[in-house]
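Visitor: There's a structure below that I have some questions on.
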Amino acid sequence: MASSRRRTLLKVIVLGDSGVGKTSLMNQYVNKKFRQQYKATIGADFVTKEVLIEDRLVTLQIWDTAGQERFQSLGVAFYRGADCCMLVYDVNAKRSFNALNTWHDEFLTQASPSDPKHFPFILLGNKIDIDAGNRRAIPEKKAKEWCVSKGNIPYFETSAKDDYNVDSAFLCIAKLALEHEHDQDIYFKTVAQPAPDTEHTSGCAC
Ligand code: GDP
Ligand code: MG
């Protein structure tokens, strides 16, 4: 019981090429606002939002880049302690899709999570509102194939402009991060305390 309430802060990293809509998605999610123009740089490193997930109050600390993604030099503080990673591309811009491998690798290298194979990622194909989809460069199927190749990461098509699927995507990544944290807790408990009171290790199959 105590351990499930111990930590409710989740650090969410939003990554992807410049211009795909990362800041807009965050702003839509946290402030319910969309603007056509954003400054390339913003003041804060992160914004927070509280969500209720299965009776548990979770604070999402969402980290946005301040335009440095153009130089791929985000620094260790950005990645340190990340609980999950939201990758974003623009469905109308092929280059932003092709860059996903680099962002995925970059995250794993910089954040070096203890369990990279099961680390919670999510992919967002943003700007699906543009030209009613007529300018789309990446079919949904192709994006889903990429997700499967990376270990079945969830995929959402979004519009920060129309507020389409934005809440669902953030909720999904938050849930994944919580599950992952729980799995890791069980793992560490098992490693650190070889003989725990088995009656209290509910949900563990071992
Ligand atoms: P970032 O560099 O990834 O943070 O991208 P921004 O959030 O700054 O967005 C870049 C541009 O795309 C801005 O002009 C936004 O208004 C626009 N934009 C972002 N998301 C959407 C969307 O879902 N639909 C449309 N039509 N434009 C968007
Ligand atoms: Mg931005």
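The values are calculated or read from the model by the stated rules, or taken from the named source; none is laboratory data. None of these values were measured; they are calculated from a predicted model. For neighbour counting, all protein chains shown are included, and Cβ atoms are generated from backbone atoms with ideal geometry for every residue, glycine included. For the accessible areas, the whole protein counts, side chains as well, though only heavy atoms, and no ligand, DNA or RNA atoms are used. Shrake-Rupley method; radii C 1.70, N 1.55, O 1.52, S 1.80 Å.
Visitor: Could you check, for the stretch 37-45, whether at least one of its residues is within 16 Å of ligand 1 (Cβ to nearest atom) and modelled with pLDDT of 90 or more?
Guide: no
Visitor: Can you pull out every residue in the stretch 122-168 that is assigned to a helix (DSSP H, G or I) and in contact (Cβ under 8 Å) with a residue 60 or more places away in the chain?
Guide: Those that are assigned to a helix (DSSP H, G or I) and in contact (Cβ under 8 Å) with a residue 60 or more places away in the chain: VAL166, ASP167.
Visitor: Could you look through the stretch 77-96, keep only residues that are touching a helix residue (DSSP H, G or I) at 6+ places or on another chain (Cβ under 7 Å) and of a type in the set (A, V, I, L, M, F, W, C), and pick out the one that is farthest from GLU140 (Cα to Cα)?
Guide: ALA82
Visitor: Something else: With respect to ASP64, determine if the residue is of a type in the set (Asp, Glu), modelled with pLDDT under 90 and more than 27 Å from LYS144 (Cα to Cα).
Guide: In short, no.
Visitor: Just to be sure, is LEU87 assigned to a strand (DSSP E or B), open to solvent by less than 20 Å² (accessible area, probe 1.4 Å) and either over 24 Å from ASN31 (Cβ atoms) or touching a residue at least 12 places away in the same chain (Cβ under 8 Å) (or both)?
Guide: So LEU87 fits the description; yes.
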